[in-house]
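Take a look at the structure below.
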Amino acid sequence: MKTTLFFKSLTSAILLFLLVSLTVNGQENFSEFSGKVVDGKSNDELEAVSLNINETNISTITNSEGEFVLKVPNQYLDSKVIISFLGYNTRVIPLSELSKTENKIEIYKAVTELSEVNISAFKTAESLIRKVFEKRDKTHQNESVYMTAFYRETIKRRNRNVSLTEAVVNILKYPNKSSVADAIALNKARKSTDYKRLDTVSVKLQGGPFSTIYLDIMKYPEYIFTDITINSYDFSFDRPSNINNRNVYVVNFSPKNNALNYSYNGKLFIDVESLALVSADYTLDLSNKSRSKNLLVKKKPSNVIVYPLEANYKVNYKEKGGKWYYSYSNLFLKFKVNKKRELFNKVYSLSSEMAVTDWEINTTDRKIKGKNRLRPSVIITDAISGFSDPDFWGEYNLIEPDKSIESAIEKIKKNIEKQKEQDERMVNGMP
């Protein structure tokens, strides 16, 4: 079953015994704007807010502290930036009104009212969801698209970062109706890992950027809803919401029973006008502990048992020209590792996210050559090494690092450098 394959080969955390053993200077043809997006009433920082340059496909999103850095080619400095977030009114600001740093952008919650006629157009929430999937070839991407995206993968032991990986990738996304799988190529990448904190067990995500691209359920619906599995869920209408000043239906879903090996609880956000899926937020049902034991693991030592504690997933789409395109996705996995003959269990978490920062319709039949393609089974932390200087990313739009991540990078780098110095002294016979 494809759902089983999904867990065993795509979003699986691999546990292994640990065998410890470019600078690109972009030309300054762009301008950089940074700041924070907050709730205009509560002043709370807002995560995953989209900032898009009007009439272009250039965008970025805010981090968990509401912070952003937006790099804009100088040719678009007369444009406006569109700030949008689910449940909030969209705001449009001319770039000329932004300063280079310390911008504070306030957005306000939208008041959404849908008439009974809107909701009663569908007898049940399930009939609406079936319609969404029936119409996906008309409402979502139906041509080949070449995308640039930023990918970040973070591994923590308890609350401490132990491994950080970042990459700019190129994605050749085929139409949703196509049976051809999307292709991904690595453009720029860097990583840092504190092996001491990982102890004798290394936690790795198989799939890397593929683990997030496969959350695009409009392209890969078989990983969550099929004609068969959709019957195993209960669907119900929640309070309507708003995105990009457009009304959206909100539908809750949960498993009816334990018939499925893997089932989810979550919300689907559907554009009222087009019936396109604009966002999905869901979690893996881990209520049956005996069934979920070692569920997210593909490979591990025989003396290790892994108990998943959380598995959360999210995907967003962005509208352009009447079609909705994959824009952002993330996954968060948390699990407890029980190793025989050890008194205390260890808790690890792994998060990965990918944000599309630019894209274009593939009118020239652009290809990603086989030798440059990442494999769906790739472990991205094994494919790259090292952190580079601040100019490494050049004009690429990234997700601004959280302060905690920035500090963790510095600590990890210092620990690795200190360990290297100690190893060199030992080799040279020095105390």
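The values are calculated or read from the model by the stated rules, or taken from the named source; none is laboratory data. Worth saying up front: this structure is predicted, and the values here are computed from it rather than measured. Positions of Cβ are backbone-derived with ideal geometry, glycine not excepted, and every protein chain shown enters the neighbour counts. Calculation scope for accessible area: heavy atoms of the full protein, side chains included, ligands and nucleic acids excluded. Shrake-Rupley method; radii C 1.70, N 1.55, O 1.52, S 1.80 Å.
Starting from the Cα of Glu65, move 7 Å in the Cα-to-Cβ direction to define the label point; list residues of the stretch 80-108 whose amide nitrogen is under 12 Å from there.
Within reach of a label on Glu65: no residues.
Multiplying the sequence separation of Thr56 and Asn345 by 0.36 nm and subtracting their Cα-Cα distance, what value in nm do you get?
99.1 nm
If you plug each phi of the stretch 181-186 into the Karplus form 6.51 cos²θ - 1.76 cosθ + 1.60 with θ = phi - 60°, what whole-Hz ³J(HN,Hα) values come out, in order, with x for Gly and Pro?
6, 5, 10, 10, 10, 7
Given points 7 Å out from each Cα along the Cα-Cβ axis, report the Leu77 to Lys100 separation in nanometres with one decimal.
Taking the simple label geometry, Leu77 and Lys100 are separated by 1.1 nm.
Which one, Met218, Asn244, Asn170, projects farthest toward the positive side of the charge dipole computed for the stretch 143-272 from Cβ point charges (K/R +1, D/E -1)?
Asn170
What net charge is computed for the residues neighbouring Glu395, neighbours being all others with C-beta under 12 Å from the C-beta of Glu395, Lys and Arg scored +1, Asp and Glu -1?
On the way: positive: Lys71, Lys188; negative: Glu28, Glu32, Asp358, Asp391.
That sum, taken over residues with Cβ under 12 Å, equals -2.
May I ask for the Rg/Rh ratio of the stretch 269-391, computed from Cα atoms with Rh as the Kirkwood radius, given to two decimals?
1.06
At q = 0.21, 0.32 Å⁻¹, what log₁₀ I(q)/I(0) does a Debye calculation on the Cα points of the stretch 298-339 give, no solvent, two decimals?
-0.74, -1.04
Relative contact order for the stretch 155-299 using alpha-carbon pairs under 8 Å, separation at least 6, rounded to a whole percent? Provide the component values of the computation, followed by the final result.
Working: 184 pairs, mean separation 18.3, N = 145.
It rounds to 13 percent for the stretch 155-299.
Relative contact order (percent) for the stretch 124-168, with alpha-carbon contacts under 8 angstrom and 6 or more residues of separation?
Values: 26 pairs, mean separation 12.2, N = 45.
Reported relative contact order: 27 percent.
Roughly what would the spin-label model give for Asn252 and Arg160, points 7 Å off Cα along C-beta, in nm?
Going by the 7 Å Cα→Cβ label model, 4.0 nm.
Let me check I've understood the local charge: for Glu67, count other residues with C-beta under 11 angstrom from its C-beta, Lys and Arg +1, Asp and Glu -1. What total comes out?
Result for the local shell: -4.
In whole percent, and with a 1.4 Å probe on the protein chains, what portion of the accessible area of the stretch 296-398 is carbon and sulfur?
Summing carbon and sulfur atoms, their accessible area is 48 percent of the total for the stretch 296-398.
With a ≥ b ≥ c taken as the square roots of the eigenvalues of the C-alpha gyration tensor of the stretch 98-190, please select rounded if a/c is under 1.5 and otherwise prolate if a/b is larger than b/c or oblate if it is not?
oblate
Among Lys109/Lys334; Lys177/Lys289; Lys156/Lys323; Lys41/Lys219; Lys191/Lys369; Lys156/Lys340, which pairs are too far apart, with a Cα-Cα distance over 28 Å?
Beyond 28 Å between Cα atoms: Lys109/Lys334; Lys177/Lys289; Lys156/Lys323; Lys41/Lys219.
Taking 51 Å as R0, compute the FRET efficiency from the Cβ-Cβ separation of Asn43 and Ile230 and round it to 0.05.
Efficiency at R0 = 51 Å is approximately 0.80.
Measure up Lys138/Lys204; Lys256/Lys318; Lys299/Lys403; Lys300/Lys367; Lys173/Lys371 against 26 Å on the Cα-Cα distance and list the ones that go over.
From Lys138/Lys204; Lys256/Lys318; Lys299/Lys403; Lys300/Lys367; Lys173/Lys371, over 26 Å: Lys138/Lys204; Lys256/Lys318; Lys299/Lys403; Lys300/Lys367.
In a shell of Cβ-Cβ distance under 14 Å around Glu55, excluding Glu55 itself, what net charge do Lys and Arg (+1) and Asp and Glu (-1) give?
Its environment carries a net charge of -1.
Restricting to Cα pairs below 8 Å that are 6+ residues apart, what does the relative contact order work out to for the stretch 85-182? Please round to a whole percent. Write out the running numbers ahead of the final one.
On the way: 82 pairs, mean separation 20.0, N = 98.
In percent, rounded to a whole number, it is 20.
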